[in-house]
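Colleague: Here you go, one structure.
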Amino acid sequence: MGDSDDDDIPQLSSHTLAALQEFYDEQQQRKTDPGGDNKYDIGVIEENWQLSQFWYSEETALRLATEAIIAAGKGGRIACVSAPSVYQKLRELDGEDFSVCILEYDKRFAVYGEEFIYYDYNDPLNLPKKLTSHSFDVVVADPPYLSEECLRKTAETIKYLTQGKILLCTGAIMEKEAAELLGVKMCRFIPKHTRNLANEFRCYVNYDSGLNSEANYS
C-alpha cells in the first residue's frame with residue numbers, strides 16, 4: 001500500500017485522543033476506586049461473573065436493607081456476608097441508628113475502609129479478632145454459589161456472628177439445606193436482580209419478618 005492509502009485513513013485530533021484517554025482512565029478508576037458522592041451506588045463496582053456476583057435491583061436492595069435495619073433495632077449491628085449491594089444500600093441510607101460491616105472476598109470493596117473485612121467462605125472462621133462471636137443483631141448473607149458446601153461453610157460464619165437473627169438470600173433449590181443448617185424458612189418476598197438469573201432466588205429468615213407480608217409478595 002502506498003502513502004496515498006495511508007492518507008485516506010481518518011486521523012483523530014490530539015484533542016479527541018486526549019478526551020478518549022481521559023474516558024478510559026475514568027472507567028479504569030471506577031473499577032478500582034469508586035469514590036465521590038456515588039461511591040455507595042449499586043453497580044459502581046461492576047459485577048464479576050467469575051466470582052458469581054449478581055447485584056440486586058435497587059428495589060430489592062432497599063427492601064432488604066430496610067428489613068435489616070428493622071431487625072437490628074435502634075443502635076443495632078448488621079453484618080453483610082457476601083451481600084455487597086445490601087451493604088451499599090445501607091450506607092447510602094446513611095443511618096445513624098445502626099452500624100454495618102461487609103464481609104467480602106472481592107478486595108475491590110476494600111475502598112469502604114474499616115467496614116470492609118476480607119472473607120473467604122472456604123475458611124469460614126478465619127475472621128479478625130474485632131469480630132467477636134454473637135456480636136451482630138442480624139446477619140444478612142448471600143452465599144456466592146448454589147451448593148451445599150458453600151452454604152454449609154457460610155452457615156458457620158453466620159452462626160458465629162449472629163446473636164440470633166438471620167436473613168439469608170439464596171436459590172429456592174437450597175430451601176431444605178437452609179432449613180437444616182440455619183433453621184430458616186422461605187419468605188413470601190421474592191428478590192430481584194439487575195440481571196435475570198436462571199435459578200429462582202428467594203429469601204429465608206428465622207424470625208418474624210416483614211418480608212412475609214402481603215405487600216411484599218410478588
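Colleague: What accessible area per residue, rounded to a whole number of Å², is obtained for segment 102-218 using a probe radius of 1.4 Å?
Modeller: 50 Å²
Colleague: Also, I was wondering about something else. Computing the accessible area with a 1.4 Å probe over protein heavy atoms, can you report the carbon and sulfur percentage for segment 57-205?
Modeller: 48 percent
Colleague: With a point put 7 Å past each Cα toward its Cβ, work out how far residue 208 is from residue 74 in nm, to one decimal.
Modeller: Calculated label separation equals 2.0 nm.
Colleague: Compute the whole-percent fraction of alpha carbon pairs in segment 57-205 spaced more than 17 Å apart.
Modeller: Beyond 17 Å sits 57 percent of the P(r) for segment 57-205.
Colleague: OK, next. Subtract the Cα-Cα distance of residue 120 and residue 135 from 0.36 nm times their separation in residues, and report this length gain in nm to one decimal.
Modeller: 3.5 nm
Colleague: Out of 84, 60, 189, whose Cα points farthest toward the positive end of the dipole of segment 57-205 (charges: +1 Lys, Arg; -1 Asp, Glu; placed on Cβ)?
Modeller: 189
Colleague: Another question about this same structure. Order of 98-104, 81-87 by packing, highest average Cβ count within 10 Å first?
Modeller: 81-87, 98-104
Colleague: Continuing with this model, one more query. Taking the Cα centre of segment 97-165 as the origin and placing charges on Cβ (Lys, Arg +1; Asp, Glu -1), which of 154, 132, 143 is farthest toward the positive end of the dipole?
Modeller: 132
The values are calculated or read from the model by the stated rules, or taken from the named source; none is laboratory data. Since the model is a prediction, treat every value here as computed from it, not as a measurement. Please note: Cβ atoms are built from the backbone with ideal geometry, for glycine as well, and neighbour counts cover all protein chains shown. Accessible surface is based on the protein model in full, side chains and every heavy atom, while ligands, DNA and RNA are left aside. Shrake-Rupley method; radii C 1.70, N 1.55, O 1.52, S 1.80 Å.
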